[in-house]
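Note sheet for the following structure.
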2 protein chains.
Amino acid sequence: MRPLFHPALEDIKPEAILYALSDPERLAIFAKLAGAGGGGTCSALADLGDRVIPKSSLSNHFKVLRESGLIRSERQGVEMRNQTRCTELDERFPGLIRAILTAYGQLPGQPKAD
Amino acid sequence: MRPLFHPALEDIKPEAILYALSDPERLAIFAKLAGAGGGGTCSALADLGDRVIPKSSLSNHFKVLRESGLIRSERQGVEMRNQTRCTELDERFPGLIRAILTAYGQLPGQPKAD
DNA sequence: TCAACAGTTCCGAATTTCTGAACTATGGAA
DNA sequence: TTCCATAGTTCAGAAATTCGGAACTGTTGA
């Protein structure tokens with residue numbers, strides 16, 4: 001298993017963020033993570049309600065989110081804890097994450113569209 | 001030549017916007033259009049400095065931007081005038097476009113977005 | 001040592017993107 | 001009108017990307 005790559009804050013590219021969140025499944029995962037606060041595991045986030053994401057696809061979604069700089073993943077025993085990098089990100093790209101979550105209507109604490 | 005399709009404001013999907021702007025060439029084109037104010041033509045936006053985009057690719061980029069709701073295109077004689085739909089978009093997705101352009105404008109070596 | 005579990009990697013199939021070449025639409029000149 | 005030049009679109013095959021089942025890796029507990 002290769003070590004997990006996380007870009008430094010200054011290496012994060014807005015295109016990568018937009019790309020990562022342009023996929024509704026990834027966005028749903030990210031929004032859940034942003035809402036949940038605590039570090040969600042992969043399998044805990046696999047169920048989208050209308051469909052269960054295959055685990056190889058899930059793993060890839062997390063990789064895209066991680067390598068774009070949106071989340072931090074850390075192995076904890078047998079599972080993986082994931083958390084958003086929202087605070088850092090807001091420093092580098094002010095308002096971006098919030099505006100995206102608002103656009104999708106999934107900003108934590110707002111009436112949800114799902 | 002098929003008539004140009006522009007989605008109604010309420011039909012614009014955030015994932016389509018993020019997808020359209022997740023491509024660095026399209027983002028550069030959109031940023032130039034947003035900065036220029038006036039309606040830029042396709043060929044006027046083809047030169048990215050480091051590379052000239054082939055015109056079939058350019059045409060496709062404009063189609064993606066148009067059908068995602070980011071720009072409006074209108075034939076004017078032999079050429080095509082393109083303008084952003086920023087004002088409308090800000091109503092539907094407050095702060096989104098500005099946050100993206102700001103984020104993009106912060107990359108080293110990029111022209112400042114506004 | 002072994003089994004169970006969480007997640008990753010591999011790899012072939014399906015889908016999407018890219019771009020040169022051919023084509024269409026418009027305007028101007030003869 | 002006819003012809004040409006220009007701006008952009010469409011087509012189609014090649015290249016690249018994405019998807020997901022199956023096999024694999026790393027960790028824990030028995």
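The values are calculated or read from the model by the stated rules, or taken from the named source; none is laboratory data. Just so it is clear, the structure is predicted and the values come from calculations on it, not from any experiment. No Cβ is skipped: glycine too gets one built from the backbone with ideal geometry, and neighbour counts run over all protein chains shown. Heads up: the accessible areas ignore ligands, DNA and RNA and are worked out on the full protein's heavy atoms, side chains in. Shrake-Rupley method; radii C 1.70, N 1.55, O 1.52, S 1.80 Å.
Is it the case that the stretch A:45-53 has a residue that's out of contact with any Lys or Arg (no Cβ under 9 Å at 6 or more places or on another chain) and touching a residue at least 60 places away in the same chain (Cβ under 8 Å)?
Yes - at least one qualifying residue is present in the stretch A:45-53.
Which pairs have Cβ atoms under 7 Å, sit 6 or more apart or on different chains, and link a residue in the stretch A:1-24 that is within 14 Å of chain B (Cβ to nearest Cβ) and farther than 17 Å from residue A:102 by Cα to one that is charged (D, E, K, R) and open to solvent by less than 70 Å² (accessible area, probe 1.4 Å)?
Between residues of the stretch A:1-24 that are within 14 Å of chain B (Cβ to nearest Cβ) and farther than 17 Å from residue A:102 by Cα and residues that are charged (D, E, K, R) and open to solvent by less than 70 Å² (accessible area, probe 1.4 Å), the close pairs are A:9/A:88; A:9/A:92; A:12/A:92.
Just to check your reading of the model, which residue among B:65, B:27 is in a helix (DSSP H, G or I), closer than 21 Å to residue A:104 by Cα, in contact with a strand residue (DSSP E or B) (Cβ under 7 Å, 6 or more places away or on another chain) and within 14 Å of chain A (Cβ to nearest Cβ)?
Of B:65, B:27, the one residue that is in a helix (DSSP H, G or I), closer than 21 Å to residue A:104 by Cα, in contact with a strand residue (DSSP E or B) (Cβ under 7 Å, 6 or more places away or on another chain) and within 14 Å of chain A (Cβ to nearest Cβ) is B:65.
More than 11 Å from DNA strand C (Cβ to nearest atom), open to solvent by 50 Å² or more (accessible area, probe 1.4 Å) and not in a helix (DSSP H, G or I) - does that describe any residue in the stretch A:76-87?
Within the stretch A:76-87 (the criterion being more than 11 Å from DNA strand C (Cβ to nearest atom), open to solvent by 50 Å² or more (accessible area, probe 1.4 Å) and not in a helix (DSSP H, G or I)), the answer is yes, since at least one residue qualifies.
Being surrounded by fewer than 18 Cβ atoms within 10 Å (Cβ to Cβ) and either within 13 Å of DNA strand C (Cβ to nearest atom) or not charged (D, E, K, R) (or both) is true for just one of B:44, B:34, B:28. Which residue is that?
Only one candidate passes the filter, namely B:44.
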